[in-house]
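Structure first, then comments.
The values are calculated or read from the model by the stated rules, or taken from the named source; none is laboratory data. As the structure is a prediction and not an experimental result, all values here were calculated from the model. All Cβ positions, glycine included, derive from the backbone under ideal geometry; neighbour counts span all protein chains shown. Quick note on the areas: whole protein, heavy atoms, side chains included, nothing else; ligands and nucleic acids left out. Shrake-Rupley method; radii C 1.70, N 1.55, O 1.52, S 1.80 Å.
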Amino acid sequence: MKADSTGGNMGDKADVEISENPFEPYIEFLRQQLEDQDPIFLIGFIVALAVVVITCVFLKYFLTSKTVRSAVLLVGLCDSGKTLLFSRLLASKFKRTQTSITDSSAPYKAKNDRGSAWTLIDLPGHDSLRSLYLEKFKSGARAIVFVVDSAIFQKEVRDVAEFLYVLLTDNVISRNAPALVVACNKQDITMAKSAKLIQQQLEKEMNTLRVTHSAALSSQDGSVGGSVYLGKKGKDFEFGQLPLKVEFLECSARGNKGEEGDADIESLEKSLAKL
């Protein structure tokens, strides 16, 4: 009886040991094979394995962290008509507005056969808030609609150019290259400047700004750097020199018939439909 008990215990113990080490023969075989290999071969094998692992980690990080750029930003100076344009694009209705102190956003469905949908974001135009909100949303911008008050453009040309210069020399915007639409708004007003004239005057002003900004950077540290150089060196600035697509168009968020009429924004809607 005791012998049977002892034999049974030994059998159980052997079963436990085998179950605890089911891969031991394979591990031992692999260890033996590695010991028999040339050290140079082993080092190469380890390096190759490390490269594969690092590549997989990098690809996973890159693919999961990539920003989906699906926002259309409405930017511009105060009273350029951004907020009314925002309302017209979304609901085609006239809406009395006031100076924005925060952003407004809503889904926008483009008028095309693809059924494209973007997030339309109206950013404040006050000079103390512009940079803050631009910093917040610029990385997700698929397009930027820069709204200009065509009726008083002559008075604001310097300020418009300054804001546009900051926008275009931003490292993130230059790298992502979102489409830029300069919407020359308030074309219903008799004294409104044409899109062509606004483009020409902005190019002259931007050319001057490029010189003064470059000189300021050079005087600070002896070299020009720290921001994107606008256009091509040695040539007068033109919007066609930029790495992003730029379009100037005319529109009127108010419309020729005022509050009761429709807005004249068809050209802008067509431009957004191409995104």
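Some observations on this one:
- Amide H contacts under 5 Å for Ala106: Leu120, restricted to partners 5 or more places along the chain or on a different chain, H placed in the peptide plane at 1.01 Å from N.
- With θ taken as phi - 60° and the Karplus curve 6.51 cos²θ - 1.76 cosθ + 1.60 applied, the whole-hertz 3J(HN,Hα) list for region 240-245 is x, 7, 6, x, 10, 6 Hz, x standing for glycine and proline.
- The dipole here belongs to region 80-239: it is taken about the Cα centre, uses +1 on the Cβ of Lys and Arg and -1 on the Cβ of Asp and Glu, and is about 580 debye.
- Cβ-Cβ distance of His126 and Lys235, R₀ of 35 Å, FRET efficiency by 1/(1 + (r/R0)^6): the value works out to about 0.55.
- Of the GluC sites (Glu not before Pro) in region 147-207, those whose Cβ has at most 11 other Cβ within 10 Å and which sit in DSSP loop: none
- Solvent-accessible surface of region 117-163, averaged per residue with a 1.4 angstrom probe and all protein chains in place: 41 square angstrom.
- Distance violations [Cα-Cα > 25 Å] among Lys235/Lys270; Lys138/Lys245; Lys138/Lys257; Lys93/Lys274; Lys93/Lys136: Lys235/Lys270; Lys138/Lys257; Lys93/Lys136
- Cα-derived Rg to Rh of region 90-195, Kirkwood definition: 0.96
- Segment Cys78-Asn176, length gained on full extension (0.36 nm per residue, minus Cα span): 32.7 nm
- All-pairs Cα distance distribution in region 117-176, expressed in whole percent, bin size 5 Å: 4, 15, 27, 26, 17, 8, 2, 0
- Rg/Rh (Cα only; Kirkwood hydrodynamic radius) as it applies to region 102-151: 1.02
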